[in-house]
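Q: I have a structure here, written as structure tokens, and I will follow up with some questions on it.
The values are calculated or read from the model by the stated rules, or taken from the named source; none is laboratory data. It should be emphasised that the depicted structure is a prediction, and the values quoted were computed from it without experimental measurement. Cβ atoms come from the backbone with ideal geometry, glycine included; neighbour counts cover every protein chain shown. Quick note on the areas: whole protein, heavy atoms, side chains included, nothing else; ligands and nucleic acids left out. Shrake-Rupley method; radii C 1.70, N 1.55, O 1.52, S 1.80 Å.
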Amino acid sequence: MGICTAWRYVSSVDLIDLEELASLGVRCLLLDRDNTLVPRDATVAPPEVAAWLDRAREMGLGLCIVSNNFHSKDVERSASELGCEVVHHAMKPAPFAIWAGLRKMGVRRDQAVLVGDQLFTDIAGGSLSGVRTILVRPQSTKDLWYTQLFRIVERRLLKDARFKGEASEGDDHS
């Protein structure tokens, strides 16, 4: 399994099966913010994402946003609104902030899953840190200019990936 190969592929965060994760011993979700929880062209998470996070919390799962976003106030506001701990300035794919999130949440690597929308930051970072990863489709087509370049390569790498909950077989990862 390569560094950019996710453990699971799910079309959106709210379709991740929390009961399955809990049955596998997962106690903590490490979550990317931009285009995973909050669309890049919005300031708040969609209601279905907030409801999914509420269910996770009710099940006793720890929640921690691990974000590369350098706008600390935006990330902290989202974390507060969504009831999550936070580690910002993560610099994924470097594993250090992910390890900091694990320490903050008091869990081992095998008890956590990192959820994100980018292969080269989230999935690679999760792999390098030793946690399982779930790749979700980005919530918005709006991205930073350099992320748009990475998306071109991602689409090629994900050409044959099957996302649970996909709208249709012909969708591409964009």
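Q: What's the number of the only condition in (1) under 25 Å from ASP41 (Cα atoms); (2) at pLDDT 95 or above; (3) among the polar types (S, T, N, Q) that GLN111 fails to meet?
A: The failed condition is (1).
Q: Condition first: surrounded by fewer than 20 Cβ atoms within 10 Å (Cβ to Cβ) and in a strand (DSSP E or B). Now tell me which residues in segment 85-94 satisfy that.
A: GLU85
Q: Right, another one. Against the condition of a type in the set (A, V, I, L, M), over 21 Å from GLY125 (Cα atoms), surrounded by 20 or more Cβ atoms within 10 Å (Cβ to Cβ) and modelled with pLDDT of 95 or more, how does VAL49 come out, does it pass?
A: Working: of a type in the set (A, V, I, L, M): yes; over 21 Å from GLY125 (Cα atoms): yes; surrounded by 20 or more Cβ atoms within 10 Å (Cβ to Cβ): yes; modelled with pLDDT of 95 or more: yes.
Yes: the conditions hold for VAL49.
Q: Within segment 19-76, track down each residue that is small (Gly, Ala, Ser), in contact with a Leu (Cβ under 8 Å, 6 or more places away or on another chain) and farther than 27 Å from ALA94 by Cα. Walk me through it before giving the result.
A: Of all residues in segment 19-76, those small (Gly, Ala, Ser) come to 22-23, 25, 42, 45, 50-51, 56, 60, 62, 67, 72.
Restricting the remaining residues to those that are in contact with a Leu (Cβ under 8 Å, 6 or more places away or on another chain) gives 22, 45, 50, 56, 62.
ALA50 - this is the single residue of segment 19-76 that is small (Gly, Ala, Ser), in contact with a Leu (Cβ under 8 Å, 6 or more places away or on another chain) and farther than 27 Å from ALA94 by Cα.
Q: Mind checking which residues of segment 107-140 are assigned to a loop (DSSP other than H, G, I, E, B), touching a residue at least 60 places away in the same chain (Cβ under 8 Å) and open to solvent by 40 Å² or more (accessible area, probe 1.4 Å)? Lay out the reasoning, then the answer.
A: First, pick out the residues of segment 107-140 that are assigned to a loop (DSSP other than H, G, I, E, B): 107-108, 117-118, 130-131, 137-140.
Those left that are additionally touching a residue at least 60 places away in the same chain (Cβ under 8 Å): 107, 117-118, 131, 137-140.
GLN139, the sole residue that qualifies.
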